[in-house]
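The values are calculated or read from the model by the stated rules, or taken from the named source; none is laboratory data. Since the structure is predicted, the reported quantities are computational estimates derived from the model, not experimental observations. Counting neighbours? That spans all protein chains shown, and the Cβs are built from the backbone with ideal geometry, glycine included.
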Amino acid sequence: MAPAQVAGATAGAGGGGSSAAAAPPPGPGKGSGPRRSVMGTRPWVAAVFLLPALVLLGALVAYPIVYTIKRSLYDADGSAFIGLKNFGTVFSDHGILTAVRNNVVWVVVAPTVATALGLVFAVLTEKVRWGTVFKLIVFMPMAISMLAAGIIFRLVYEQDPSQGVANAVVVAVHDTFTDNAAYPGARPRPNSDLAPSAGGSFTSKSAAAAGTPADLPLVGIPQNKVPAGAQDARPASPQPGVVTGTVWLDFRPGGTGKPGVIDPGEKALSGVKVQAVKDGKVVASAKSGKDGTYKLPAAAVGAQLRLPASNFSGKYEGINWLGPSLVTPSIIASYIWMWAGFAMVLIAAGLAGVPRELMEQARVDGANEWQVFRRITVPLLAPVLVVVTVTLMINVLKIFDLVYIIAPSSSQQNANVLALQLYLSSFGGGDDQGVGSAIGVILLLLVLPVMIFNIRRLRREGRR
């Protein structure tokens with residue numbers, strides 16, 4: 001063997017171990033096969049699977065957003081670039097500003113009330129045996145579409161009590177505690193002793209005297225509205241020391257009677273309330289009998305006689321729920337009816353994870369149920385409550401269906417919201433897609449902070 005070979009062999013035998021230990025292991029990409037991601041998937045394979053979703057996301061989300069922003073900078077037909085003029089129109093038009101104001105009301109009221117009701121329902125259903133059934137009933141409206149819910153509540157809020165459930169309840173309660181008007185629409189003859197006074201009542205010009213009948217003739221009641229079985233009016237008999245008179249319909253079929261005179265065949269108006277008023281105070285009152293006559297005590301002598309408005313006011317028809325002043329609260333109530341169940345289910349799921357030991361310890365320490373709820377339950381459920389509230393806030397910012405269906409045309413402008421105004425400006429008669437696109441951009445800018453807050457909160461939760 002040559003000396004050089006012997007030296008090389010000796011060196012290899014003596015330092016082989018240290019040489020092998022010092023050699024670095026082959027890294028990725030250096031003869032170890034194709035590069036893989038942390039999950040063990042090749043990047044191009046992940047890209048292939050993500051591509052359809054990315055294409056759909058770009059076509060259905062990214063492109064419409066970019067196009068809407070671009071379209072908001074052009075005029076109504078999209079032929080001329082006008083810059084930010086459409087946004088100036090949005091913030092100067094009275095109808096659109098009403099929609100902005102209503103959106104603020106929606107964002108503040110609807111999520112707060114729906115979340116609060118969901119919290120109450122979730123806590124209470126834990127304390128009853130039939131809680132599951134109750135949750136099912138409360139959550140059931142979520143299975144109904146916005147269109148169907150709008151039609152339902154359009155009927156619920158009908159002004160006619162025979163059709164609208166809400167007014168049927170209101171009228172039933174009202175009629176239980178308040179008497180209906182005896183003769184709606186009745187009025188005195190022009191230039192008679194009775195004259196209109198405050199609040200829809202009628203008051204005599206002259207003072208009542210004892211021994212002289214103070215007759216109170218009325219007109220304005222159609223013959224078909226006179227109660228069936230009404231008796232003929234009878235002149236009141238004079239009585240010393242008291243005030244008497246007759247209330248009657250001063251009209252004879254055929255028009256042959258004399259004004260202010262009780263003619264044969266003229267009908268008595270029974271049940272009419274008559275008040276004696278001195279110095280603005282009621283000193284005596286009575287109701288007319290079946291023959292129309294009434295009698296007031298001696299305190300009525302020298303007083304003016306008043307027929308209060310309660311005798312003549314029209315039939316109570318309930319509340320105009322869809323009128324200009326109540327249409328927005330009414331629609332918000334229908335939204336809460338639908339979404340309180342959603343809030344209840346999410347909060348109930350969070351409540352199931354609350355440690356019961358903390359509640360039991362608080363009760364052992366002397367806390368009542370309200371204190372346990374306020375000091376233990378609500379703080380521990382705070383993350384869930386934030387999730388529900390933020391989700392509902394995003395939802396109400398784009399509310400459209402309920403407002404469009406429930407609000408009648410006469411009060412739709414009063415109930416207007418931004419999503420509905422976007423439709424009306426672009427397609428519902430406005431034919432100005434520039435302004436409609438500007439409203440869409442504003443809605444996007446309003447939703448973005450809420451979404452960013454929600455994403456950051458979810459990331460913080462994931463890092464815990």
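Every test in (1) closer than 30 Å to Val386 by Cα; (2) in a helix (DSSP H, G or I); (3) without any contact (Cβ under 8 Å) to a residue 24 or more places away in the chain is passed by Leu117 save one, and that test is (3). Would you check if Gly95 is closer than 18 Å to Tyr335 by Cβ and small (Gly, Ala, Ser)? Criteria not met by Gly95. Of the listed requirements (1) assigned to a helix (DSSP H, G or I); (2) in contact (Cβ under 8 Å) with a residue 60 or more places away in the chain, Arg374 misses just one: (2). Screening Asn416 with (1) closer than 29 Å to Pro324 by Cβ; (2) assigned to a helix (DSSP H, G or I); (3) touching a residue at least 40 places away in the same chain (Cβ under 8 Å) gives one miss only, at (2). Please tell me if Asp193 is within 15 Å of Asp291 (Cβ to Cβ) and surrounded by 15 or more Cβ atoms within 10 Å (Cβ to Cβ). Spelling it out, it is not the case that Asp193 is within 15 Å of Asp291 (Cβ to Cβ) and surrounded by 15 or more Cβ atoms within 10 Å (Cβ to Cβ). Using the structure shown, decide if Arg154 is exposed (fewer than 13 other Cβ atoms within 10 Å of the Cβ), among the charged types (D, E, K, R), assigned by TED's automatic domain parsing to the domain that holds Gly341 and within 30 Å of Leu346 (Cβ to Cβ). No: the conditions fail for Arg154. If you go through segment 331-343 one residue at a time, do you hit one that is of a type outside the set (A, V, I, L, M, F, W, C), within 21 Å of Ser411 (Cβ to Cβ) and in the same structural domain as Lys135 (by TED's automatic domain parsing)? Scanning segment 331-343, I find at least one residue that is of a type outside the set (A, V, I, L, M, F, W, C), within 21 Å of Ser411 (Cβ to Cβ) and in the same structural domain as Lys135 (by TED's automatic domain parsing), so the answer is yes.
Confirm whether Gly462 is in a helix (DSSP H, G or I), closer than 30 Å to Ala148 by Cα and not assigned by TED's automatic domain parsing to the domain that holds Ile332. Considered against the rule, which asks whether it is in a helix (DSSP H, G or I), closer than 30 Å to Ala148 by Cα and not assigned by TED's automatic domain parsing to the domain that holds Ile332, Gly462 comes out as no.
Every test in (1) under 28 Å from Gly440 (Cβ atoms); (2) at pLDDT 90 or above is passed by Leu381 save one, and that test is (1).
Given the criteria in contact (Cβ under 8 Å) with a residue 40 or more places away in the chain and part of a strand (DSSP E or B), does Ser206 qualify? Walk me through it before giving the result.
Values: in contact (Cβ under 8 Å) with a residue 40 or more places away in the chain: yes; part of a strand (DSSP E or B): yes.
For Ser206, the condition - in contact (Cβ under 8 Å) with a residue 40 or more places away in the chain and part of a strand (DSSP E or B) - is met.
In summary, strands (runs of 3 or more DSSP E) completely within segment 215-297 and bearing 3 or more residues that are buried (at least 18 other Cβ atoms within 10 Å of the Cβ) and within 52 Å of the chain's Cα centre (by Cα) occur at 216-218, 243-249, 273-278, 293-296.
Regarding Arg363, is this residue farther than 27 Å from Ser410 by Cβ, assigned to a helix (DSSP H, G or I) and among the basic types (Lys, Arg)?
Answer is yes for this residue.
Considering segment 37-108, the qualifying helices (runs of 4 or more DSSP H), each wholly inside and each with 1 or more residues that are among the β-branched types (Val, Ile, Thr) and free of Cβ contacts under 8 Å to residues at least 12 places away in the same chain, run over 43-57, 63-71. When Ala166, Ala172 are screened for being touching a residue at least 60 places away in the same chain (Cβ under 8 Å) and either within 16 Å of the chain's Cα centre (by Cα) or not in a loop (DSSP other than H, G, I, E, B) (or both), only Ala166 passes.
Looking across segment 312-332, the residues that are buried (at least 18 other Cβ atoms within 10 Å of the Cβ), in a helix (DSSP H, G or I) and out of contact with any Phe, Trp or Tyr (no Cβ under 6 Å at 6 or more places or on another chain) come down to Val327, Thr328, Ile331, Ile332. Could you list, in sequence order, all residues of segment 249-264 that are more than 17 Å from Asn191 (Cα to Cα) and in contact (Cβ under 8 Å) with a residue 12 or more places away in the chain? Result: Arg252, Pro253, Ile262, Pro264.
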